[in-house]
Amino acid sequence: MTAARDFREGFVGMIPVCIGTAPFALVCGVGAAAAGASWWSALGMSAIMFSGAAQILAVQLLAAGAPLAVIVLTCFVAGLRFLMYSAAMAPYLRPLPQRWQQGLAFLLTDQAFAAGVRHFGAGHPPRQAARHYLGAGIALWSSWQVMNLAGYFVGNLIPATWSLDFAVPLCFIALVAPQFRAMPSIVAAVISGFAVLALAGLPMKLNLIAAGTLGIVAGTVADLAKERWTRR
Amino acid sequence: MDATLKLWAVIAIVGTLNYLSRLSFIAIFSRRHVPVLLARAFRYVPAAMLTALVLPMVVEASGGGAVRAASAVVPRIAAAIVAGFVGFRTHNTLKTLAAGMLSLWLLQAAIAWIG
């Protein structure tokens, strides 16, 4: 029974985050409808790609008549952060069977990653943390589909004055703000923040991956320097 | 190319690439040992990547990258700072969301009232 409880706790714990991502999903659904996709194509996109950033880019580029290769490359680059999330989750998922690793990998999103790192990092047994993560991931995935369809069918009824799009950065702020306790994390965020704005002119959202890399390097250097300093 | 076919080609290829990105290091490090320096670097992935995602959303117009008018951007930045403070103190998604949206609406109303 504890297995079901871990799953349920993960699922229920993610519901507030799902409410936070709901406006993002609505925006994706509105975009798919505006681009003239059928409802089942829109659902296929949200269910299989399962990435708000990639969905919005794909829809915009399709509507602009971009070639297939350009669309695929742009979405791939925007999704390169999943490589970093995968790397950061790898040590935690290592004790698990291969099938679990392959299944949990599909559910790896920004929100699932932030929650997963926190829960695995808290030192729970791997199996227990994995079931918790599975519950959280399925909560995110299913609510994402429901809200994408809601956005597809009725999203255009939401008035623009509500600034619902602002909920998207807010749910990322909720993920990142608790990180600002450790000095190297603050260094990583400040460098990454400067870089992403300074490099905003780069095509295909390359500024995202470049800034992320610079921030990670800066955080690691700060961590090493701090360690050397305290050892003296 | 037919529009529906092209859309499904995008879904299939991007879906596969996204999954392979998500699986990549999880699969690689299930057999190999994670290098010490890399394990240290991974700790700073959330702070760096999430900040890079958030900042453009706060200060830029969606999609284009063109900067919004100051009267539109200032409330967003102020509301984001309020939300960041609440998130830092509470670790709570819904409180962060509520604080951010309420601050934004209040500031927008105040700016509209001033003129």
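The values are calculated or read from the model by the stated rules, or taken from the named source; none is laboratory data. These numbers were taken from a predicted model, which means no experiment stands behind them. Positions of Cβ are backbone-derived with ideal geometry, glycine not excepted, and every protein chain shown enters the neighbour counts. SASA here: full protein model, heavy atoms, side chains in, ligands and nucleic acids out. Shrake-Rupley method; radii C 1.70, N 1.55, O 1.52, S 1.80 Å.
Do you know which of the residues in region A:46-67 that are touching a Cys at 6+ places or on another chain (Cβ under 7 Å) and not small (G, A, S) is farthest from A:G151 (Cα to Cα)?
A:L57
So in region A:84-97, with the set limited to residues that are open to solvent by 50 Å² or more (accessible area, probe 1.4 Å) and facing chain B (nearest Cβ under 7 Å), which one is farthest from A:H119 (Cα to Cα)?
A:R94
If I filter region B:40-51 for residues that are free of Cβ contacts under 8 Å to residues at least 24 places away in the same chain, closer than 27 Å to A:L199 by Cβ and open to solvent by 60 Å² or more (accessible area, probe 1.4 Å), do I get at least one hit?
First pass over region B:40-51, keeping only residues free of Cβ contacts under 8 Å to residues at least 24 places away in the same chain: B:40-51.
Add one more test, that the residue is closer than 27 Å to A:L199 by Cβ, and what stays is B:40-51.
When the remaining residues are screened for being open to solvent by 60 Å² or more (accessible area, probe 1.4 Å), the result is B:43.
Yes.
Among the residues of region A:137-152, which ones are hydrophobic (A, V, I, L, M, F, W, C) and under 9 Å from A:L107 (Cα atoms)?
A:I138, A:L140, A:W141
Checking A:T213 against (1) among the polar types (S, T, N, Q); (2) more than 26 Å from A:V70 (Cα to Cα); (3) open to solvent by 20 Å² or more (accessible area, probe 1.4 Å), which single condition isn't satisfied?
Exception for A:T213: condition (2).
Quickly run through region A:42-55 and pick out the residues that are modelled with pLDDT of 85 or more and part of a helix (DSSP H, G or I).
Scanning region A:42-55 gives A:A42, A:L43, A:G44, A:M45, A:S46, A:A47, A:I48, A:M49, A:G52, A:A54, A:Q55.
Among the residues that make up region B:8-18, is at least one of them free of Cβ contacts under 8 Å to residues at least 12 places away in the same chain, within 30 Å of A:G193 (Cβ to Cβ) and open to solvent by 60 Å² or more (accessible area, probe 1.4 Å)?
No - not one qualifying residue is present in region B:8-18.
Which residue, of A:A160, A:A139, is in the same structural domain as A:A54 (by TED's automatic domain parsing) and open to solvent by less than 60 Å² (accessible area, probe 1.4 Å)?
So the residue among A:A160, A:A139 that is in the same structural domain as A:A54 (by TED's automatic domain parsing) and open to solvent by less than 60 Å² (accessible area, probe 1.4 Å) is A:A139.
Considering only region B:8-115, give the helices (runs of 4 or more DSSP H) lying wholly within it that have at least 1 residues that are more than 9 Å from chain A (Cβ to nearest Cβ).
Those helices (runs of 4 or more DSSP H) span B:36-42, B:70-90, B:93-114.
I want to confirm something. Restricting to region A:175-192 and keeping residues that are out of contact with any Lys or Arg (no Cβ under 7 Å at 6 or more places or on another chain) and either over 17 Å from B:F85 (Cα atoms) or more than 7 Å from every other protein chain (Cβ to nearest Cβ) (or both), which single residue is most open to solvent (accessible area, probe 1.4 Å)?
The selected residue is A:R181.
So which residues in region A:195-232 are touching a Gly at 6+ places or on another chain (Cβ under 9 Å), of a type in the set (A, V, I, L, M, F, W, C) and part of a helix (DSSP H, G or I), if there are any at all? Spell out how you get there, then give the answer.
The initial filter retains those residues of region A:195-232 that are touching a Gly at 6+ places or on another chain (Cβ under 9 Å), namely A:195-196, A:200-201, A:207, A:211, A:215.
With of a type in the set (A, V, I, L, M, F, W, C) added as a condition, the list becomes A:195-196, A:200, A:211.
The answer is A:A195, A:V196, A:A211.
Do we find a residue being facing chain B (nearest Cβ under 8 Å) and within 15 Å of the chain's Cα centre (by Cα) anywhere in region A:19-27?
yes
Look at A:W144 and say whether it is more than 7 Å from chain B (Cβ to nearest Cβ) and open to solvent by less than 60 Å² (accessible area, probe 1.4 Å).
It is true that A:W144 is more than 7 Å from chain B (Cβ to nearest Cβ) and open to solvent by less than 60 Å² (accessible area, probe 1.4 Å).
Which of the residues spanning region A:36-95 are basic (K, R) and farther than 17 Å from B:P46 by Cβ?
The answer is A:R94, and nothing else.
Taking the conditions exactly as written (within 8 Å of another protein chain (Cβ to nearest Cβ) and either in contact with a helix residue (DSSP H, G or I) (Cβ under 9 Å, 6 or more places away or on another chain) or open to solvent by 40 Å² or more (accessible area, probe 1.4 Å) (or both)), does A:M14 satisfy them or not? It would help to see each step written out before you state the result.
Values: within 8 Å of another protein chain (Cβ to nearest Cβ): no; either in contact with a helix residue (DSSP H, G or I) (Cβ under 9 Å, 6 or more places away or on another chain) or open to solvent by 40 Å² or more (accessible area, probe 1.4 Å) (or both): yes.
It is false that A:M14 is within 8 Å of another protein chain (Cβ to nearest Cβ) and either in contact with a helix residue (DSSP H, G or I) (Cβ under 9 Å, 6 or more places away or on another chain) or open to solvent by 40 Å² or more (accessible area, probe 1.4 Å) (or both).
Within region A:60-80, track down each residue that is open to solvent by 10 Å² or more (accessible area, probe 1.4 Å) and within 7 Å of chain B (Cβ to nearest Cβ).
A:Q60, A:L62, A:L68, A:V72, A:F76, A:L80
Residue pairs, Cβ under 7 Å, 6 or more apart or interchain, first in region A:89-113 and closer than 18 Å to A:C18 by Cα, second among the aromatic types (F, W, Y) and in a loop (DSSP other than H, G, I, E, B). List them.
The qualifying pairs are A:T109/A:F50.
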